[in-house]
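Please read the structure below before turning to the comments.
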Amino acid sequence: MRQVTPVANVAGLVAGYALDALLGDPRRYHPVAGFGRAVGALERRAYRPNRRAGAAFTALAVGAPVLLGVAATLATRRRPVARAALVAAGTWTVLGGRTLRHEANVLGRALRAGDLPAARQRLGHLCGRDPSLLDEPELARATVESVAENTSDAVVAPLLWGAVAGLPGLLGYRAANTLDAMVGHRSPRYARFGTPAARLDDLLNLVPARLTGLLTVAVAPVAHGDRERALHVWRRDRNDHPSPNAGQCEAAMAGALGVRLGGRNVYFGRSEVRPFLGDGPRPEARHLKRAARISGAVGLAALGLAAAYPLTLGRLASTLGRRAINASAFGRRAVRASALGRRAVHPAVAAGAGRGNGR
């Protein structure tokens with residue numbers, strides 16, 4: 001069974017990715033939306049304006065899906081077909097690659113048609129900025145930045161955590177990422193309560209975001225981008241962003257497209273000024289299709305890495321871990337046997353010594 005499990009996980013990841021590519025997100029009864037409603041109800045009960053309450057809320061909201069994934073994994077440890085089906089369903093549920101590319105292309109068509117009201121209305125499907133006063137370059141910039149960041153959040157990171165931790169990794173990551181979107185942003189209400197959720201999401205995305213940046217550099221030519229320029233901009237600008245992860249993705253995308261991202265972002269009730277990333281002109285409608293193409297290529301590359309991991313490094317790590325556990329258990333048994341041997345020998349020695357002394 002130890003050899004079947006990685007194959008089942010890989011089959012599930014590939015099948016789930018194919019389902020997302022073909023069907024996209026379910027339009028009704030999406031499990032993530034249902035999770036969001038449940039967490040919203042929990043948040044209204046658990047809210048306190050401090051980090052301790054936020055930490056308890058985060059542990060419960062993320063821990064429950066992880067435990068569900070662990071239970072499903074244990075229940076299917078001898079049923080590879082059922083395991084593959086569950087991983088496929090979980091992967092399809094947590095991925096959002098097709099929807100991300102679709103929204104970017106729809107918004108791009110609206111901008112090319114000069115329909116700013118339609119483009120402004122559509123922006124809410126990608127990010128939380130206030131679109132009411134945004135012109136074409138700012139709408140295009142918001143879209144490119146959202147595509148870059150969400151390629152990591154909605155594609156690369158779920159695949160990576162699914163490869164490393166199976167179904168619990170898929171469900172746990174999506175729960176943490178959803179929680180960050182709900183309470184992790186900076187606002188008077190969530191300034192302290194949302195901090196644990198935001199920090200957990202940052203931690204879980206440290207590796208995926210950097211992998212997304214590197215993959216964006218690698219696939220830049222699929223959208224007529226310059227790989228060397230993308231690598232230069234990524235190295236130079238990736239740490240300028242206030243987020244420890246978003247800058248990795250956005251800098252690489254800016255270099256791949258040859259545009260400049262960053263600037264003033266206006267949200268509902270607040271504004272932030274972000275440093276500039278990249279060189280060249282501000283994004284235009286024509287860049288959105290190229291950004292979507294890069295996002296799709298990054299997703300395919302990430303799928304290849306995710307599928308290879310359980311059968312290569314994952315299997316090696318599992319083998320080494322079992323050997324270490326077995327060696328530790330053997331060592332403990334040897335120590336116990338030695339101790340028992342000493343206790344068994346000691347009375348006989350004492351009796352012999354007593355006889356020799358005439359006692």
What are the pairs, 6+ residues apart or on separate chains, where a residue within the stretch 233-261 that is among the small types (Gly, Ala, Ser) and surrounded by fewer than 20 Cβ atoms within 10 Å (Cβ to Cβ) has its Cβ under 8 Å from a residue that is part of a helix (DSSP H, G or I) and modelled with pLDDT of 95 or more?
Ser243/Asp202
What pairs come out if I take residues in the stretch 177-200 that are in contact (Cβ under 8 Å) with a residue 24 or more places away in the chain and in a helix (DSSP H, G or I) and pair them with residues that are buried (at least 22 other Cβ atoms within 10 Å of the Cβ) and of a type in the set (Phe, Trp, Tyr) whose C-beta lies under 9 Å away, six or more apart or interchain?
Leu179/Phe57; Val183/Phe57; Val183/Phe193; Pro196/Phe57; Ala197/Phe57
Counting only residues that are closer than 26 Å to Ala223 by Cα and either small (Gly, Ala, Ser) or touching a Lys or Arg at 6+ places or on another chain (Cβ under 9 Å) (or both), how many does the stretch 244-275 have?
19
Considering only residues of the stretch 100-122 that are charged (D, E, K, R) and part of a helix (DSSP H, G or I), which is farthest from Leu167 (Cα to Cα)?
Arg112
Could you pull out the residue among Glu138, Glu145 that is crowded, with 23+ Cβ neighbours inside 10 Å and part of a helix (DSSP H, G or I)?
Glu145
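Looking at the stretch 163-204, which of its residues are among the basic types (Lys, Arg) and either surrounded by 22 or more Cβ atoms within 10 Å (Cβ to Cβ) or under 16 Å from Arg44 (Cα atoms) (or both)?
Our first condition is that a residue be among the basic types (Lys, Arg); within the stretch 163-204, this holds for 174, 186, 189, 192, 199.
Arg174, Arg189, Arg192 - these are the residues of the stretch 163-204 that are among the basic types (Lys, Arg) and either surrounded by 22 or more Cβ atoms within 10 Å (Cβ to Cβ) or under 16 Å from Arg44 (Cα atoms) (or both).
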In the stretch 263-310, what residues are at pLDDT 90 or above, farther than 30 Å from Trp92 by Cα and among the aromatic types (Phe, Trp, Tyr)?
Phe276
Tell me whether the stretch 222-240 contains one or more residues that are of a type in the set (A, V, I, L, M) and in contact with a Lys or Arg (Cβ under 9 Å, 6 or more places away or on another chain).
yes
Of the conditions (1) modelled with pLDDT under 90; (2) in contact with a helix residue (DSSP H, G or I) (Cβ under 9 Å, 6 or more places away or on another chain), Leu22 satisfies every one except a single condition; which number is it?
(1)
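The values are calculated or read from the model by the stated rules, or taken from the named source; none is laboratory data. Here the structure is a predicted model, which is why all the values come from computation and not from measurement. Counting neighbours? That spans all protein chains shown, and the Cβs are built from the backbone with ideal geometry, glycine included.
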